[in-house]
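Take a look at the structure set out below.
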Amino acid sequence: MSVIEAKSVSKIYNPDTIPVHAINDVSLTIEEGEFTAIVGPSGCGKTTLLNMIGGLDSVSEGHISVSGVNIADLNEAALTDFRLKNIGFVFQSYNLIPVLTAKENVEFVMLLQQSHQSAMDERADELLTKMGIKEVSQRRPAELSGGQQQRVAVARALASKPKFILADEPTANLDSHSTESLLDIMAKMNEEEKATFIFSTHDQRVIDKARRIITLEDGRIVSDEKK
Amino acid sequence: MNFKLAWRNIWRNKKRTWITASSIGFAVFFACVMQSMQLGSYERMIDNSVRFLTGHLGVHQLDYWDEKILDNSFPEETLTELNLGHESIIMGVPRITSFALASYGDKTKGALITGVDLSLEAQFSYLENKLREGVYHTDNGALIGAGLSEYLKLGVGDTLVLLSQGYHGVNAVGKYPVAGVLKFPVPDLDQSAVYLPLGIAQTFFGAEGMITSYSVLLDDPDATEQVQSQLIGDSDVYEAMTWKEMMPDLVQGIELDYYGGLVMVYVLYGVIGFGIFGTFLMMTKERTYEFGILNSIGMKKSRIQRMVAIEILLLSFLGVALGLIAASPIVVYFWANPILLTGETAAAMEKFGYEPIMPFALDPQVFYDQGISILLIALFLGVYPMLAIQQLKIIKALKE
Ligand SMILES: Nc1ncnc2c1ncn2[C@@H]1O[C@H](COP(=O)(O)OP(=O)(O)OP(=O)(O)O)[C@@H](O)[C@H]1O
Ligand SMILES: [Mg+2]
C-alpha cells in the first residue's frame, strides 16, 4: 500500500475574499522508501502541498489519505496524535525546543508517545551517533550550528519511526557544506532506516540528490520524474 | 515532563519572568503594606478609645447605658461577683462619671467629672502621659484639662469649686486644689475634663463605694464576645457591653474607612492585573511559533496548555512569594517602630484627636488574603494564554 495518496487536491486560500488557488487538482502517490523532492519556483505551492499532506492544513477539494486513513476524517486532537505517530517534521528553521538539549529534543516525540526511558535513550543515542552529532547531545539548540540543529531535527523526526518525513526547505538556511552533509545524512537514513523522505527545495544540489523529482508550477504538477 | 519543560521555559526568558514575577510581587507587596497600615491605624484607634473610654468590655448597672446617671451606679464591692478570671483579661478599672459645674473666680463651665484610681488608670488609659503641668498622683486634688484651665484661668495650686447633683439627688459641692493640668488632643475633652481620685469623687457625689462603670482590658480583642458571655454570669443587676456596642460610631467609621481602603486595593488589583495581562499577552504572542511547532510535531493542545498552565502557576507563586518576602520585613519593622509623623500632617491629626503616628498591624491574615487574591487574579488572567492555545492555527502560527 502506498504511504500517501493524494487525489485531485486543491487548496484555495481566502475563498470568500480574494481567492488564491495555491494548489490546483494535484494527484500523487508516494510509496514507502521514496526520497522525493518537490521543487518549483517561489510561490508555486510547495509549502501548501506539504502542509496538507502533513495534516497541518486542510484541503479545499479532493482528499489525502495516509496509510489508508483519510486525514480529513480525524478531529483536531486525533489528527495531532496521528501526526505524532505517523509523520516526522523538519522545518526550515528554528524548530527545536529551545529549552531541551539535543538529546532531549530527539527523545521528545518518543516521550509524547510514552516510550520507556531506556528505549528512548538507546534510540536517541543511536540516531545522534548516525547523524554524527553524538558529542553535542547535551547542548541546547542555541549552542549548536544551523547544520547541527537541522541534523537534530532530522533525528527527532526519525525517532519514533514514522511512516514518512516531511521537510519543507530543510536546507534553506544552511551553507553549501552543511546542505551537502545534511542531504547525505538524509540519504543514509533513507537507506538504513528505510525512512521515506519528502522534501521541498529550490536548491539544485539538493534536487540532484533526490531519486524522484516532482515539479510544481502555479499549484499544478508539471513534471514527475524518477531516477 | 510538563513540569520540566515548564520550569525550563520560565527560566528561558529571565527578563520576562522577572518582569511578570515582580509585577505580581509588587501588587502583593503594596497591598500587604497598605492593608497592614490601615489595620494598624484601626488597632491604634480602637486601643486608644478602648483604653480611654470604654474598655474592651464595660460592666454597668443594667439601666446605666440608657440613662447615664449616678442613680444607675453600683457598689464597687459587688465586683467580686464577676468572673474576672478569664486568661485574656489584663486588668480592669473602676470609674464614676457624671457632670458638674466647675467654677473659679467669676467663671463657670460645665465639666465632666471622672473619679478614677489614679495608679490603675496610669496603666489602663495612660492618663499620666497627658500631664503637662503639676503632679499626677494626688490624694485630694483635681487634674483638669488644659482647655478648662485656660477658660477658668485656673492653674496648679488654685482651688476649683465643683457643684452638682449627687447620688439620689443630694447636693454635691466641693473644693479641690488643682494638682495637675492634663492636655487632651480632643478639644471637647480638653475643655471639660476633671479627674478626681475615686474616693474623693465618690464623696463629692455622695455615692460612697459606688461606681458607674468597670472597664475591662483584654490582651486579645477577638476574645471580647467570649469574655462578655462569662463575665457577669447570669446576673440581672449588671450588664457587660462590648466596645463595639458602646462605640458604634467608631465601628462605623472604621468600616467606612476600611471599604475606602478596599476600593484602593481593587484599583491596585486592576492596574496590576493589566500589567500581568500584558506580560501574558506578550508571552503568548512571542511563543506562538513555538506552540505551532510543538503542535505540529504531535504535542496535543491540551498538553501544551498544561505546560503553560504550570509555567503560569510557577510564575505566580514566585511573584507572590517575592511580594510576601519583600513586605514582611517592612511591615514587621513599622509594626515595631511606628512612623512618627511631623509637621502639618501631625498637627492635623492631633487636632482631630489622633496621635500623630502611623502604626502598622502585624496580621498574618493580611498576607494570606493579599497573597491568595493576587494569586487568583494571576491565575484568572492565565486563562488568556489557555484560550489562545485552544484557538491556535498551526499554519498561521508557523508563519509568525
Ligand atoms: N495563508 C495564505 N493566505 C493566502 N495566500 C497564501 C497563504 N499561504 C500561501 N499563500 C499563497 O499560496 C501560494 C503558494 O504558497 P506556498 O507558500 O505554498 O509557496 P511555496 O512554493 O512554498 O513558496 P516558497 O518557495 O517561497 O516557500 C502563493 O501564491 C502564496 O502567496
Ligand atoms: Mg515554502
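Only one of (1) touching a Lys or Arg at 6+ places or on another chain (Cβ under 8 Å); (2) away from chain A (no Cβ under 14 Å) fails for B:Asp66. Which number is that? Just one mismatch for B:Asp66, condition (1).
So that you can scan it fast, the table gives a plain yes or no per residue for (1) surrounded by fewer than 20 Cβ atoms within 10 Å (Cβ to Cβ); (2) not in a strand (DSSP E or B):
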residue: A:Glu135; (1), (2): yes, yes
residue: A:Ala153; (1), (2): no, yes
residue: A:Pro162; (1), (2): no, yes
residue: A:Ile165; (1), (2): no, no
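Out of the residues in region B:288-304 that are hydrophobic (A, V, I, L, M, F, W, C) and assigned to a helix (DSSP H, G or I), state the one that is nearest to B:Leu392 (Cα to Cα). That would be B:Phe291.
For region B:282-307, which positions are at the interface with chain A (Cβ under 8 Å from one of its Cβ atoms) and hydroxyl-bearing (Ser, Thr, Tyr)?
Correct list: B:Tyr289, B:Ser296, B:Ser302.
Just one of (1) of a type in the set (A, V, I, L, M, F, W, C); (2) in contact with a helix residue (DSSP H, G or I) (Cβ under 6 Å, 6 or more places away or on another chain); (3) away from chain B (no Cβ under 14 Å) fails for A:Ile30. It is (2).
Would you mind stating whether B:Glu43 is touching a residue at least 24 places away in the same chain (Cβ under 8 Å), surrounded by fewer than 16 Cβ atoms within 10 Å (Cβ to Cβ), among the charged types (D, E, K, R) and more than 14 Å from chain A (Cβ to nearest Cβ)?
On the way: touching a residue at least 24 places away in the same chain (Cβ under 8 Å): yes; surrounded by fewer than 16 Cβ atoms within 10 Å (Cβ to Cβ): no; among the charged types (D, E, K, R): yes; more than 14 Å from chain A (Cβ to nearest Cβ): yes.
Here the answer is no, as B:Glu43 does not meet what is asked.
Scanning region A:184-207 for residues that are within 19 Å of A:Met1 (Cα to Cα) and β-branched (Val, Ile, Thr) gives A:Thr196, A:Ile198. From the list A:Leu84, A:Leu79, the lone residue that is without any contact (Cβ under 8 Å) to a residue 60 or more places away in the chain and either more than 12 Å from ligand 1 (Cβ to nearest atom) or of a type in the set (Gly, Ala, Ser) (or both) is A:Leu79. In the set B:Asp222, B:Asp236, only one residue is of a type in the set (Asp, Glu) and either assigned to a loop (DSSP other than H, G, I, E, B) or assigned by TED's automatic domain parsing to the domain that holds B:Tyr42 (or both); that residue is B:Asp236.
The set of residues from region A:146-175 being without any contact (Cβ under 8 Å) to a residue 60 or more places away in the chain, more than 16 Å from ligand 2 (Cβ to nearest atom) and away from chain B (no Cβ under 13 Å) comprises A:Gly146, A:Gly147, A:Gln148, A:Arg151, A:Lys161, A:Asp175.
If only residues of region A:167-179 that are in a loop (DSSP other than H, G, I, E, B) and in contact with a strand residue (DSSP E or B) (Cβ under 6 Å, 6 or more places away or on another chain) are counted, the one that is nearest to A:Leu50 (Cα to Cα) is A:Glu169. Within region B:365-373, is there a residue that is out of contact with any Leu (no Cβ under 7 Å at 6 or more places or on another chain), surrounded by 17 or more Cβ atoms within 10 Å (Cβ to Cβ) and either within 14 Å of chain A (Cβ to nearest Cβ) or at negative phi (or both)? Yes - at least one qualifying residue is present in region B:365-373.
Of the residues making up region A:85-106, those that are surrounded by fewer than 20 Cβ atoms within 10 Å (Cβ to Cβ) and either in a helix (DSSP H, G or I) or away from chain B (no Cβ under 11 Å) (or both) number 1.
Which ones in region B:174-197 are within 17 Å of B:Lys107 (Cβ to Cβ) and of a type in the set (A, V, I, L, M, F, W, C)? Steps first, answer last, please.
Within region B:174-197, the subset within 17 Å of B:Lys107 (Cβ to Cβ) is B:175-176, B:178, B:181, B:190-194.
Those that are within 17 Å of B:Lys107 (Cβ to Cβ) and of a type in the set (A, V, I, L, M, F, W, C): B:Val178, B:Val181, B:Ala193, B:Val194.
Tally the residues that are free of Cβ contacts under 8 Å to residues at least 60 places away in the same chain, acidic (Asp, Glu) and more than 13 Å from ligand 1 (Cβ to nearest atom), restricting the search to region A:32-69. Going through region A:32-69 one residue at a time, the tally reaches 1. Of the candidates A:Glu143, A:Glu122, the single residue that is within 14 Å of chain B (Cβ to nearest Cβ) and either away from ligand 1 (no atom under 16 Å from the Cβ) or not hydroxyl-bearing (Ser, Thr, Tyr) (or both) is A:Glu143.
For region B:47-61, enumerate the residues that are of a type outside the set (Asp, Glu), under 13 Å from the mean Cα position of the chain (by Cα) and surrounded by fewer than 24 Cβ atoms within 10 Å (Cβ to Cβ).
Taking region B:47-61 as the starting set, the residues that turn out to be of a type outside the set (Asp, Glu) are B:48-61.
Narrowing the set further to residues that are under 13 Å from the mean Cα position of the chain (by Cα) leaves B:48-50.
Selection gives B:Asn48, B:Ser49.
Just one residue in the set A:Thr129, A:Thr47 is of a type in the set (S, T, N, Q), part of a helix (DSSP H, G or I) and within 14 Å of chain B (Cβ to nearest Cβ); that residue is A:Thr47. Of all residues in region A:29-43, none are crowded, with 20+ Cβ neighbours inside 10 Å, farther than 23 Å from A:Ala159 by Cα, hydroxyl-bearing (Ser, Thr, Tyr) and within 16 Å of ligand 2 (Cβ to nearest atom).
Count, please, the residues in region A:197-209 that happen to be away from ligand 2 (no atom under 16 Å from the Cβ) and at pLDDT below 95. If you could, list the steps in order and put the result at the bottom.
First, pick out the residues of region A:197-209 that are away from ligand 2 (no atom under 16 Å from the Cβ): A:197, A:204-205, A:208-209.
With the extra rule that they be at pLDDT below 95, the set shrinks to A:204-205, A:208-209.
Selection size over region A:197-209: 4.
Test of understanding: among A:Gly55, A:Gly68, which residue is small (Gly, Ala, Ser) and facing chain B (nearest Cβ under 10 Å)? Break it down into steps so the answer makes sense when it comes.
On the way: A:Gly68 fails: facing chain B (nearest Cβ under 10 Å).
Criteria check complete, one pass: A:Gly55.
The conditions of being buried (at least 19 other Cβ atoms within 10 Å of the Cβ), in a strand (DSSP E or B) and either more than 16 Å from ligand 2 (Cβ to nearest atom) or over 15 Å from the mean Cα position of the chain (by Cα) (or both) are not met by A:Leu182.
Do we have B:Ser164 as crowded, with 20+ Cβ neighbours inside 10 Å, in a helix (DSSP H, G or I) and of a type in the set (S, T, N, Q) here?
Values: crowded, with 20+ Cβ neighbours inside 10 Å: yes; in a helix (DSSP H, G or I): no; of a type in the set (S, T, N, Q): yes.
Considered against the rule, which asks whether it is crowded, with 20+ Cβ neighbours inside 10 Å, in a helix (DSSP H, G or I) and of a type in the set (S, T, N, Q), B:Ser164 comes out as no.
Every test in (1) near ligand 1 (Cβ under 9 Å from one of its atoms); (2) more than 13 Å from chain B (Cβ to nearest Cβ) is passed by A:Asp25 save one, and that test is (1). Could you count how many residues in region A:107-128 are farther than 29 Å from B:Asn13 by Cβ and crowded, with 20+ Cβ neighbours inside 10 Å? Going through region A:107-128 one residue at a time, the tally reaches 1.
The residue that is farthest from the chain's Cα centre (by Cα), among those in region A:202-227 that are more than 13 Å from ligand 1 (Cβ to nearest atom) and part of a loop (DSSP other than H, G, I, E, B), is A:Lys227.
The values are calculated or read from the model by the stated rules, or taken from the named source; none is laboratory data. No experiment lies behind these values; they were computed from the predicted model shown. As a convention, Cβ positions derive from the backbone with ideal geometry for all residues, glycine included, and neighbour counts pool all protein chains shown.
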